[in-house]
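Colleague: Here's a structure for you.
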Amino acid sequence: MHSEYDFSAREKYVVLLACCIAAFLAPLITTMINLAVPTIAEEFGVSAHDQGWLVMAYFLSSVAFLVPMSRLSDLYGKRKIFLYGIVVVIISSLLSGLSPSFLALLICRLVTGMGTACISSTSISMIAQVYPKAHRGLPLALNTMCIYIGASVGPALGGFITQMFGWEWIFISLVPFSVAGLITMLSFKKDFRTSEGEPFDVKGSLLYGIGIVAFMYGILNVPDVYATLFIAAGIVILIAFFNFETKEEYPVLDMRLFKGRTFRRSSVAAFLNYGSSYAIVFTLSLYLQSIGGMNPAAAGLVILLQPSLQAVITPFAGKLSDKIDPRFLTTMGMVMMCLGTLTMTTLTKNVEMFRIYAILLMTGAGYALFSTPNTNMIMSNVNEKGYSEASGVISVMRQVGMMSSVAVIMCMISFTMGTSENIVPAMYDSFINAIRYAFFICFGFAAIGTFMTWFSKDAGTNA
């Protein structure tokens, strides 16, 4: 095992570059397929409901494997699990592009989710491992910036590739990025095994996987009646998982991490940050294309303002988080989310672009000010052995928050409009009401998150 002070400048840059490539790749895998889903569904002759599984299968698999892969990386090596994940993504992407049936494509998406979990659960951990606490902010910020860039170019790139070459090439185009990450990490020869020789917690992993998949499946299908049953079952199983882990000698997730006030509240704040604001882009896309009468390309250019601002501000916020108390930045970020979600509740049938731009600017700045400083604060308040688990928790909170945010707006649309498929002029008033109700709820998330971020430390302590 190597400490954070054993690495040359070249080794640090190599690890950072590989992790940034992976950070760019992960949102591409998620977002490039969005505009291709109707084309894929038409080719394989599947229903509108089945289309959703192309996205759902990937998310469920990714979240289910995040925590177990974090533990496996401690047992067998973070670099090794990262490399395995990249190889899995390469193979599953090639097979996705060659899929002879819809079922085969779904299986490939499940496997890709597992590979992405290997990458996501180790990237932040390895950056924290090679960079000392006092110089971690900028590397983490660059990693986060790559996520934003990938998320911003993914939909447009996916749409272009689908139109020009066919949907198969969306998946094949992921291979060069994956190979670049693989080659870069192969040039780094050291590895990190913080729990070598300890047994793997199979029972805990199964409880976590079943519980989180049930919970997420329910969230993704709100407001259907059966969704409530899945959410309830998921919560019960996850409670059983937490109880089991507190008694397990070698748990898949060390519950002692949550005893630290900073870790506990900052993790919840990460969920609330994404839970309050992730649906803003999704909602504005519907709003601009329906009430605003814009085509997808024009709406996409407007929405591009948010990730562009995030990419610009994030490195500065990350570097600043090394010099001042990160709570000032995270709290300011959550305040911006409060303002952004509150402004969403003021949208009307009269499209006012200055209001749209204000929302995107506020939430873009909010993400940038919150994300890296919050991650820096979490990683600085766990010991070296807890880096992988903390990295996994951050990724889980982010993805569950994202899905919960979309579930809120979809639920309100279904309740007020009776459908979530077509927004016609006769439904504009109901759509506006759905936005208003949903983002009052999201404002509540952001307000609680603001409290969590500011009061995340015990008085006079760093944990």
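Colleague: Considering only residues that are touching a residue at least 12 places away in the same chain (Cβ under 8 Å) and more than 15 Å from the chain's Cα centre (by Cα), which ones fall in segment 380-406?
Modeller: Hits for segment 380-406 are 380, 381, 382, 384, 385, 386, 387, 388, 389.
Colleague: Of the residues 410, 377, which single one is touching a Pro at 6+ places or on another chain (Cβ under 6 Å) and assigned to a helix (DSSP H, G or I)?
Modeller: Residue meeting the stated conditions: 377.
Colleague: Which condition breaks for residue 226 when tested against (1) open to solvent by 10 Å² or more (accessible area, probe 1.4 Å); (2) closer than 26 Å to residue 27 by Cβ?
Modeller: (2)
Colleague: Still on this structure, I have one more. The conditions are (1) under 22 Å from residue 391 (Cβ atoms); (2) assigned to a helix (DSSP H, G or I); (3) open to solvent by 20 Å² or more (accessible area, probe 1.4 Å), and residue 250 fails exactly one of them. Which is it?
Modeller: Single failed check for residue 250: (2).
Colleague: Another question, then. Confirm whether residue 111 is open to solvent by less than 50 Å² (accessible area, probe 1.4 Å) and not hydroxyl-bearing (Ser, Thr, Tyr).
Modeller: no
Colleague: Still on this structure, please answer the following. Would you point out which residue out of 310, 306 is closer than 22 Å to residue 377 by Cβ and assigned to a helix (DSSP H, G or I)?
Modeller: After ruling out the rest, the residue left standing is 310.
Colleague: I'd like to verify a number: residues in segment 341-374 that are farther than 21 Å from residue 440 by Cα and in contact with a Pro (Cβ under 8 Å, 6 or more places away or on another chain), how many?
Modeller: 2
Colleague: If you go through segment 278-296 one residue at a time, how many are under 18 Å from residue 351 (Cα atoms) and open to solvent by less than 70 Å² (accessible area, probe 1.4 Å)?
Modeller: Summing the residues that are under 18 Å from residue 351 (Cα atoms) and open to solvent by less than 70 Å² (accessible area, probe 1.4 Å) in segment 278-296 gives 13.
Colleague: Something else about it: How about segment 331-364: which of its residues are open to solvent by 10 Å² or more (accessible area, probe 1.4 Å), in contact (Cβ under 8 Å) with a residue 40 or more places away in the chain and under 21 Å from the mean Cα position of the chain (by Cα)?
Modeller: Answer for segment 331-364, where residues must be open to solvent by 10 Å² or more (accessible area, probe 1.4 Å), in contact (Cβ under 8 Å) with a residue 40 or more places away in the chain and under 21 Å from the mean Cα position of the chain (by Cα): 331, 335, 338, 361.
Colleague: Further, regarding this structure: Could you list all residues from segment 146-198 that are touching a Phe, Trp or Tyr at 6+ places or on another chain (Cβ under 6 Å) and charged (D, E, K, R)?
Modeller: 198
Colleague: Among (1) among the aromatic types (Phe, Trp, Tyr); (2) surrounded by fewer than 19 Cβ atoms within 10 Å (Cβ to Cβ); (3) in a helix (DSSP H, G or I), where does residue 241 come up short?
Modeller: Among (1) among the aromatic types (Phe, Trp, Tyr); (2) surrounded by fewer than 19 Cβ atoms within 10 Å (Cβ to Cβ); (3) in a helix (DSSP H, G or I), the lone unmet condition for residue 241 is (2).
Colleague: Still on this structure: What are the pairs, 6+ residues apart or on separate chains, where a residue within segment 240-262 that is under 17 Å from residue 215 (Cβ atoms) has its Cβ under 6 Å from a residue that is aromatic (Phe, Trp, Tyr)?
Modeller: Qualifying pairs under 6 Å: 241/208.
The values are calculated or read from the model by the stated rules, or taken from the named source; none is laboratory data. Computed from a predicted structure; not experimentally measured. Glycine also receives a Cβ, built like all others from the backbone with ideal geometry; neighbour counts cover every protein chain displayed. Keep in mind that these areas ignore ligands, DNA and RNA; they rest on the heavy atoms of the full protein, side chains included. Shrake-Rupley method; radii C 1.70, N 1.55, O 1.52, S 1.80 Å.
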